[in-house]
1. Filtering the stretch A:273-303 down to residues that are surrounded by 19 or more Cβ atoms within 10 Å (Cβ to Cβ) and farther than 20 Å from A:Ser318 by Cβ, which residue is nearest to the chain's Cα centre (by Cα)?
2. Can you run down the residue pairs with Cβ atoms below 9 Å, 6 or more apart or on separate chains, where the first is in the stretch B:235-260 and more than 9 Å from chain A (Cβ to nearest Cβ) and more than 21 Å from B:Asp196 (Cα to Cα) and the partner is charged (D, E, K, R) and open to solvent by less than 30 Å² (accessible area, probe 1.4 Å)?
3. Scan the stretch A:146-164 for residues that are assigned to a loop (DSSP other than H, G, I, E, B) and not aliphatic (A, V, I, L, M) and jot them down.
4. Considering (1) under 27 Å from A:Thr388 (Cα atoms); (2) outside any helix (DSSP H, G or I), say which one A:Leu322 fails and leave the rest.
5. Could you figure out which of (1) under 19 Å from the mean Cα position of the chain (by Cα); (2) more than 24 Å from B:Val225 (Cα to Cα); (3) not in a loop (DSSP other than H, G, I, E, B) isn't true of A:Val270?
6. Failed condition for B:Leu102, given (1) in a loop (DSSP other than H, G, I, E, B); (2) over 30 Å from B:Thr315 (Cβ atoms), with all others met?
7. Of the conditions (1) hydroxyl-bearing (Ser, Thr, Tyr); (2) in a helix (DSSP H, G or I); (3) touching a residue at least 60 places away in the same chain (Cβ under 8 Å), A:Tyr456 fails just one. Which one is it?
8. What tally of residues in the stretch B:307-346 results from selecting those that are closer than 29 Å to B:Val176 by Cα and either open to solvent by 20 Å² or more (accessible area, probe 1.4 Å) or touching a Leu at 6+ places or on another chain (Cβ under 6 Å) (or both)?
Amino acid sequence: MKRFLFLLVLAAASRAGGDEIPAELKALIDPDTAEVLRRLDGISPYEVPDLKLRQDTNYANTAADVEPFGKVKPYKEHFLLQMEYTGPGRAAPEPPMDLKSVKIGFIGPLMSTVSVATGGRSHEEALGIKMLQGARLAIEEANARGGYLRRKIPFELLVTNDNGLWGSSGNEIVKMAYKDNVWAILGTIDSANSHIAIRVALKAELVMMNTGDTDPTFIETNIPWVMRAIGDDRQQSYLLMDYLVRKMNYKRIGIIRASNRYGRFGVREVKDSARRLGFPIVIEMAYRVGAGDYSLQLERMSAAKLDAVIHWGDAEDSAVILNQMRRMGMNQPYFASDRTVSPEFEKTAGAAAEGVMCGYPWNPDRRDARLEAFRAAFRKRFGSEAETYASHGYDGMNLLIWAVQVAGLNRARIRDILAYRSKPWPGVTGDIPFSAALDDLGEVFLARYEKGRWKYYSREELDIPRGYIPKRDRVSRGVVSAALPQ
Amino acid sequence: MLRITALVAMAAGLAAAEAPRKLPYVYTKWKHFTVAEGLPNDHIFAVKADGSRVWVGTENGLALIDSRTGKVRSWTEKDGLPWRVVTGIDIDPKTGDVWLALFGGGLARFSGGRFDHWHQLNSGLVNDVVYGVAVENDNVWAATTAGASRYNLRTGEWTIFTEKNAPMEEIWNYGVHYGDGKVHLAVWGSGVLEYDVATGRWKDYLDPDGEMEIDLYRDDGIIHVITTAAHYVEKTLWVSSYFGVCRYDGRNWRGFFNQDSGLPSDFNNNLKARSANEAWFATDKGVGAVVDVATNTWVAYTRDPKGKSGKAVVTRDKEVLETVEMETGIPHNYIIALDIQGSDVWVGTSKGLGWGVGEGYYPGLKERPPVVARERGDRP
């Protein structure tokens with residue numbers, strides 16, 4: 001019976017869109033998605049589809065003992081119930097049949113410039129170009145499979161640079177939304193640009209998929225048009241701090257970080273977790289990106305007699321800082337954010353890289369046929385290896401392509417297909433399950449540099465303890481601290 | 001369960017109908033303006049009343065409604081409007097000039113039938129993505145996505161406010177309002193900033209708990225640093241956000257959420273304050289108007305998704321006092337902009353503009369019998 005209904009839905013969807021649904025497209029629509037489509041079809045501009053919203057019982061798998069103000073029952077807890085889109089966009093008509101291509105936007109740091117938002121000089125182009133390559137490969141593969149299947153026209157990647165001055169990312173998104181008429185956008189990396197971009201996406205009612213910005217606050221904005229397909233700094237910090245404090249019992253931890261938004265917001269969960277676990281960060285020093293000489297900061301950190309040092313910033317700075325530490329006789333274990341996991345760091349740090357550990361949003365060592373196929377295709381297409389930004393860009397773009405194929409050419413329906421997806425997306429970076437806040441709640445890892453290469457470890461492999469994660473939201477849990485199971 | 005709850009509430013309303021109670025004014029007469037009536041686009045981003053004239057900013061053009069005659073005029077890019085998306089409007093009370101915030105197009109002045117255009121390449125406007133505009137004496141303020149700009153009309157001087165010269169933790173300005181000698185900026189990620197025109201000093205209002213995922217106490221300050229609008233009226237600051245709304249009378253803060261008031265949703269795009277006691281909020285699930293702060297009395301206006309009819313629900317805390325059903329409700333439940341025109345209200349939605357005619361309007365509460373709700377077959 002269920003299968004019969006499923007087939008009816010597919011037939012109805014075919015008629016509703018006015019386009020014949022080819023067999024290749026039918027293969028992309030699982031029964032749950034077919035049900036979403038059924039409830040979206042024929043909806044008036046004034047109606048909101050009757051679709052079940054995700055309801056999480058805990059925000060971001062946060063352990064009770066690192067929740068903010070854990071001894072107080074908060075008045076309100078946000079992000080547990082999925083945001084709805086209640087506007088009229090679902091009833092917007094599909095574009096004319098003479099459309100030549102299906103445009104999807106890309107925004108990222110591609111060209112070198114001086115960006116105030118990113119700390120005074122551009123430094124993320126290498127990451128942005130890799131992200132673009134991953135996204136481009138996904139588009140090219142989709143076109144090789146027939147492009148936009150309902151109309152047999154190609155997907156077209158509209159590429160923009162977000163590294164300009166004066167908040168140019170906002171201007172670029174406006175242009176993509178109103179002049180280029182893209183159907184969805186993938187980007188960006190720098191969180192200042194990301195926040196600018198998502199505010200525009202909200203007004204213009206356009207999906208913004210992020211695969212490169214790990215700032216937790218990116219998703220903590222309650223915008224129903226924004227989603228992320230990469231484990232964020234909150235998830236990585238939880239794992240890192242569980243390792244440092246719960247497993248290794250480090251008590252005197254110091255932070256050295258970039259004096260930009262990536263550094264400032266990246267360490268927030270590290271600092272909060274350390275304090276809530278009873279061992280506040282002893283010293284936090286910031287530096288200008290690319291300063292080259294970090295002796296001022298390191299001298300003070302050395303005097304603080306630290307058990308461990310955490311760095312949050314770019315790979316080159318990370319390597320230079322590590323080398324300067326070692327030269328100064330600072331032999332503490334060195335931990336860092338995921339950007340340190342790069343050839344640039346390995347080359348500059350040399351032998352000092354041995355034993356360095358970093359949070360990491362996925363496990364590149366995982367055995368997966370899709371991952372291997374992607375890597376081979378990437379190597380063939382671009383003549384280089386697919387690193388993390390390329391891999392996540394590929395996953396994020398494939399998610400968008402899938403949603404456009406299934407939903408048709410309607411921005412609100414594209415958003416719905418993603419927002420109401422019932423199963424994790426099987427990406428080359430691993431499973432991507434969305435939380436109620438439409439953030440990636442997939443597993444994150446620790447990377448350790450061992451004998452000339454990075455090795456990736458799960459929580460279980462390193463036997464890292466974790467705090468109790470309550471199964472009830474904080475408001476209904478009661479007044480008493482949630483440190484104990486209830 | 002929802003239906004049962006509603007029927008109980010209606011029954012309560014019926015029972016209460018026998019005795020007058022202290023109740024607010026309810027707008028029951030709504031008129032709609034859409035493309036069919038001459039608007040250039042149905043997606044309304046801004047509305048500003050100026051006497052009997054009502055300016056409307058849409059996703060594809062500017063419109064002017066004469067509320068005495070109902071006549072509509074419109075301007076699009078082909079008529080000289082510098083950019084199609086108009087996200088904010090303010091009127092210079094001295095000159096009558098109309099200032100327009102253009103979403104991705106900078107700032108424009110409409111005067112004497114001519115559009116003048118300022119953008120980040122020909123002026124001191126810090127960014128072309130302008131969310132809001134406010135005229136303060138001889139200055140025009142623009143809330144942009146990369147800071148605020150102030151343009152002095154007498155000297156032609158531009159001043160840019162960012163993290164370098166104002167307490168902006170983030171520079172993503174969202175709304176700007178001038179009233180009672182103070183300019184208020186609603187800044188995404190930086191709460192509300194207050195600029196005292198007389199002293200040139202800044203003051204910031206931030207979420208005291210400093211956390212994104214919770215609001216620790218309801219009445220301890222701004223409920224979240226991501227704010228969407230701030231209005232200062234009768235020495236009272238009203239603030240909207242995507243997490244609820246709040247009010248500050250100079251001494252005490254008060255937060256309002258969907259869970260404890262008649263606010264239809266915590267997702268608030270905008271607000272318009274009528275007084276220290278009355279403010280209207282643009283939510284994604286209808287209009288919420290707090291009409292008596294002391295008693296937490298609200299009126300929530302929604303449209304029936306199945307037809308043109310609508311409903312106004314009067315609540316005190318979470319108790320439904322009356323449900324007024326109307327043949328014509330607000331145009332759509334996704335609300336983006338609001339303005340007050342004397343006794344009337346204007347509601348900009350993502351599918352048309354609504355004009356609530358306030359015949360017999362009175363502020364606050366008044367003894368009157370509750371309106372008896374008709375029992376209907378559909379869900380309230």
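The values are calculated or read from the model by the stated rules, or taken from the named source; none is laboratory data. Given the structure is predicted, the values throughout are model-derived calculations rather than measurements. Cβ coordinates were reconstructed from backbone atoms using ideal geometry, including for glycine residues, and neighbour counts include every protein chain displayed. SASA here: full protein model, heavy atoms, side chains in, ligands and nucleic acids out. Shrake-Rupley method; radii C 1.70, N 1.55, O 1.52, S 1.80 Å.
1. Only one residue fits best here, namely A:Ser273.
2. B:Val245/B:Asp266; B:Asn258/B:Asp266
3. Result: A:Gly146, A:Gly147, A:Arg150, A:Arg151, A:Lys152, A:Pro154, A:Asp162, A:Asn163, A:Gly164.
4. Result: A:Leu322 fails condition (2) only.
5. Against the list (1) under 19 Å from the mean Cα position of the chain (by Cα); (2) more than 24 Å from B:Val225 (Cα to Cα); (3) not in a loop (DSSP other than H, G, I, E, B), A:Val270 comes up short only on (2).
6. Unmet for B:Leu102, out of (1) in a loop (DSSP other than H, G, I, E, B); (2) over 30 Å from B:Thr315 (Cβ atoms): (1).
7. Result: A:Tyr456 fails condition (2) only.
8. Qualifying residue count for the region: 6.
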